[in-house]
Amino acid sequence: MSKALETETDPVAIYYAANLAAADVVRTRLEQAGIPAQIEPSRLPTADEDGGVSSIRVLVARKHAEAAQKLLQMGDPAVESSAPPPDLNAI
């Protein structure tokens, strides 16, 4: 997309999740902070930092992208990890 055609409301991916649960945690956190977000399957899987494959994108409007990224970098372990929570019954 040409820079001239980009608008503040164009959706941009700010997070790639391995599963729907992880994407929903991120979407919920953003929305609680007043940043509208949506979840969308990615057309192509994307390799993540841990060597896994992320196939679900969390999108926000371009005008909210910087604030959303800052919010997600604040260190919430639920956002940092897409692994399922441990099974406490197995302990």
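The values are calculated or read from the model by the stated rules, or taken from the named source; none is laboratory data. Computed from a prediction, not measured in an experiment: that's the story for all the values here. Backbone-built Cβ (ideal geometry, glycine too); neighbour counts: all protein chains shown.
Give the residues of segment 28-57 that are closer than 11 Å to A17 by Cα and modelled with pLDDT of 95 or more, sorted by residue number.
Within segment 28-57, just I39 meets the criteria.
On the given criteria, is K3 out of contact with any His (no Cβ under 6 Å at 6 or more places or on another chain), at pLDDT 65 or above, surrounded by fewer than 17 Cβ atoms within 10 Å (Cβ to Cβ) and not polar (S, T, N, Q)?
It is false that K3 is out of contact with any His (no Cβ under 6 Å at 6 or more places or on another chain), at pLDDT 65 or above, surrounded by fewer than 17 Cβ atoms within 10 Å (Cβ to Cβ) and not polar (S, T, N, Q).
Return the residues of segment 21-33 that are among the hydrophobic types (A, V, I, L, M, F, W, C) and over 10 Å from the mean Cα position of the chain (by Cα); say none if nothing qualifies.
Hits for segment 21-33 are A21, A33.
Check whether at least one residue in segment 68-81 is more than 13 Å from the chain's Cα centre (by Cα), at pLDDT 95 or above and in a loop (DSSP other than H, G, I, E, B), and report yes or no.
No, segment 68-81 contains no residue that is more than 13 Å from the chain's Cα centre (by Cα), at pLDDT 95 or above and in a loop (DSSP other than H, G, I, E, B).
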